[in-house]
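**Q** Sharing a structure with you now.
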Amino acid sequence: MTQKTTASKQPDGTAGAHSEQSVAQIPGGIPVLLGAAVVFILSALIMMPFVPDDAYVSFRYAEHLADGYGLTFYPGEKPVEGYSNFLWVLLCALAHKLGFGLPGLMPLVSILFGLLNVVVLWAIYRRRNVQAGHALLPLLLFATSGPFLVYSVSGMETPLFSLLLLLVVLFVDVVLSTGGRPAQLLLALTGVLLVLCRPEGIVIYPAAVAAILYSLRASNHSRSGNASRLRTLLLFAGAYVVFAAIYFIWKGSYFGEYIPPSFWARGSGMAGWMENIRMYFVNPGNDNPPLGYYYLALIVLSLSGTSGSQRGTERFSLLLAVALALIYFCFVDPLPGMRYDAALIGLLFLPMVHLPGAVKKNIEWKDCNRMRALRWLVIVAAVALNYSWTANLNVAVRRIERGNQIGRVDLAEWLKKLFPSRSLLAMSDVGAFSYYSGFKTLEINPEPVTVPRDAWETSALDMLSGQWPDVILLESLGIFEANFGPFYDSLINSSDFKQRYRVLGAARTDWFEDRCYWIYVPKELPLQPEEKLQEFPGGISDFGEVDR
């Protein structure tokens with residue numbers, strides 16, 4: 001029996017034969033989704049726990065917002081946009097308002113958004129008439145992708161941003177095929193959420209509009225039909241521009257600047273490119289795998305899936321991923337897995353899904369059983385290779401999480417017993433330690449995220465602004481002898497500092513490079529009882545054993 005097909009013209013100007021059997025009825029489609037979802041959840045649970053220091057900055061802002069103090073890192077201070085993920089901060093604030101503990105809940109929320117990524121990618125495959133068997137491999141690879149898994153358990157906004165990117169591609173595909181107002185409205189709303197989620201999100205909706213306009217220009221639809229779509233598109237685009245303008249005007253009036261300091265702190269221009277080339281392809285540090293090769297492999301495989309006259313959506317997905325990757329290549333970030341680029345992995349897997357079809361089209365197999373066996377062999381081998389990258393990342397994550405626990409959480413709770421709650425803390429990183437100690441925090445960092453940018457060009461001593469903190473934590477290499485950079489050396493060697501402070505100890509945060517927090521306290525602070533010193537976590541606590 002032959003199956004009846006109908007030919008239809010695609011909105012991007014391409015023709016294709018579509019079966020009357022709907023894509024939703026493709027046999028095996030739901031089992032493929034369920035299988036990928038189970039694999040993702042199990043892999044994410046194996047990767048937990050991993051809540052990097054940066055996540056706690058968002059948690060602290062969110063709790064203060066929910067408690068009525070506004071968007072401030074410490075109540076009573078001038079608001080500074082020390083986060084770059086406003087939408088995520090709002091979600092965290094809602095969770096805190098409902099009584100949930102953010103370090104425990106938000107990693108689970110991240111996993112939920114990661115799972116929704118798998119669902120939306122699967123939905124796009126179905127819309128693009130991808131056979132269930134061809135969708136299995138890319139969905140499994142996506143579900144076991146190490147960088148995506150790392151940040152799907154992190155309590156950070158990465159899986160949410162990735163989900164919104166995939167939704168943009170989905171709605172672009174719907175707009176090109178139906179042109180309906182609901183799809184255009186959803187596309188514009190997703191663009192708005194992307195603006196709220198991250199600063200670079202502002203370029204996504206204009207890129208989607210440009211892609212739609214290009215496809216309409218190349219299509220053979222009636223002029224009246226295209227004109228109607230164009231009017232609706234321009235209407236929503238105008239509303240988007242108005243919203244973006246209002247949002248940035250509000251930010252400028254509330255914070256005094258339009259782009260958060262945390263965004264600029266990571267950006268380094270061409271110097272950032274050179275540093276990232278070293279980190280991603282030569283020596284990432286902390287024995288992390290050089291993941292630049294992994295991402296390059298994804299891009300090459302994605303390129304192979306964009307050929308063909310009906311691949312306008314796939315080309316848009318790939319171009320969007322590459323454009324954002326070029327932006328992120330200026331952002332220097334030592335966290336494992338290239339966290340900014342991790343949000344782009346789903347975009348790269350969309351074109352990749354067509355690779356099996358291209359191989360099948362160009363290779364004739366007379367033995368169907370042999371072809372089926374080879375397909376499963378390729379799937380198992382590819383997933384195993386992909387998971388080897390994940391296993392390497394998991395080793396790095398375990399080490400970092402242990403360092404965070406001992407050098408930040410345990411140390412914060414130990415010092416919290418020694419100092420009153422209103423103590424002033426100065427440190428180079430202001431995430432987990434500030435969150436768990438509850439101390440008022442002064443960030444002393446060459447590019448501090450919680451300090452206005454006009455105060456960046458100062459020395460560490462100037463950043464203290466005449467305030468002599470109760471505790472000073474400085475990150476350094478070396479546990480028996482500190483190896484500070486020039487920025488902190490100028491503080492340590494100043495006469496005022498030497499007269500006022502002494503070393504309390506060095507808490508280890510990195511078991512690969514002996515990265516430590518050196519803790520300085522006022523000299524007039526009484527010596528602690530020996531039993532208190534014995535509780536000092538992860539380092540050396542006797543004054544005579546450290547050289548500073």
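Where a number appears in this text, it was derived from the coordinates with a stated rule and is not lab data. In this text the structure is predicted, and so the values were computed from the model without any measurement. As a convention, Cβ positions derive from the backbone with ideal geometry for all residues, glycine included, and neighbour counts pool all protein chains shown.
**Q** Ranked highest first by the average count of other Cβ atoms within 10 Å around their residues, in what order do 163-171, 240-248 fall?
**A** Per-residue mean Cβ counts within 10 Å order the peptides as 163-171, 240-248.
**Q** To the nearest 0.05, how large is the calculated FRET efficiency for residue 304 and residue 94 if R₀ is 30 Å and r is the Cβ-Cβ distance?
**A** The value I calculate is 0.10.
**Q** Here is a further query. Evaluate the distance, in nm, between pseudo-label points positioned 7 Å from the Cα of residue 185 and of residue 398 along their respective Cα→Cβ axes.
**A** If labels sit at residue 185 and residue 398, their model points lie 5.1 nm apart.
**Q** Between residue 234 and residue 34, what is the label-to-label distance in nm when each label sits 7 Å out along the Cα-to-Cβ direction?
**A** 4.9
**Q** Run the numbers for residue 467 and residue 382: contour at 0.36 nm per residue of separation, minus the present Cα-Cα distance, in nm.
**A** So the extension gain works out to 24.9 nm.
**Q** A follow-up question, please. With the dipole of region 22-363 worked out from charges on the C-beta (+1 for Lys and Arg, -1 for Asp and Glu) around the Cα centre, which of 293, 188, 281 lies farthest toward the positive end?
**A** Result: 188.
**Q** If you don't mind, another one. Normalise the Debye intensity by I(0) for region 22-363, one equal point scatterer per Cα, no solvent, then take log10 at q = 0.09, 0.11, 0.14 Å⁻¹ and round to two decimals.
**A** Normalising to I(0) and taking log10 leaves -0.51, -0.76, -1.23.
**Q** Considering amide H positions built from the backbone, and no H for Pro or chain starts, which residues 5 or more places from residue 510, or on another chain, come under 5 Å of its amide H?
**A** 515
**Q** Something else now. How large is ³J(HN,Hα) for each residue in region 328-344, as worked out from phi by the Karplus curve 6.51 cos²θ - 1.76 cosθ + 1.60 (θ = phi - 60°), to whole Hz, x for Gly and Pro?
**A** Using θ = phi - 60°, the values come out as 5, 5, 8, 9, 8, 9, x, 4, x, x, 6, 4, 5, 6, 4, 6, 9 Hz.
**Q** Moving on. Which pairs, out of 416/440; 78/523; 78/251; 251/440, put more than 19 Å between their alpha-carbon atoms?
**A** Those over the limit are 78/523; 251/440.
**Q** In a shell of Cβ-Cβ distance under 11 Å around residue 124, excluding residue 124 itself, what net charge do Lys and Arg (+1) and Asp and Glu (-1) give?
**A** Summing Lys/Arg as +1 and Asp/Glu as -1 gives +1.
**Q** Right, something else. Could you order the peptides 189-197, 64-72 from most to least packed, using the average number of other C-beta atoms within 10 Å per residue?
**A** Packing order, densest peptide first, comes out as 189-197, 64-72.
**Q** Can you tell me the length gained on complete extension of the stretch residue 273 to residue 525, counting 0.36 nm per residue apart and subtracting the Cα distance?
**A** Result for the pair: 86.2 nm of gain on full extension.
**Q** If you don't mind, another one. ³J(HN,Hα) across region 419-434 via Karplus (A = 6.51, B = -1.76, C = 1.60, θ = phi - 60°), whole Hz, x for Gly/Pro?
**A** My calculation for region 419-434 gives 10, x, 5, 8, 5, 9, 10, 10, 7, 7, 10, 10, x, 4, 4, 5 Hz in order.
**Q** Give me 229, 500 ranked fewest to most by other Cβ atoms within 10 Å of their Cβ, as a rough exposure proxy.
**A** Fewest to most other Cβ atoms nearby, the residues stand as 500, 229.
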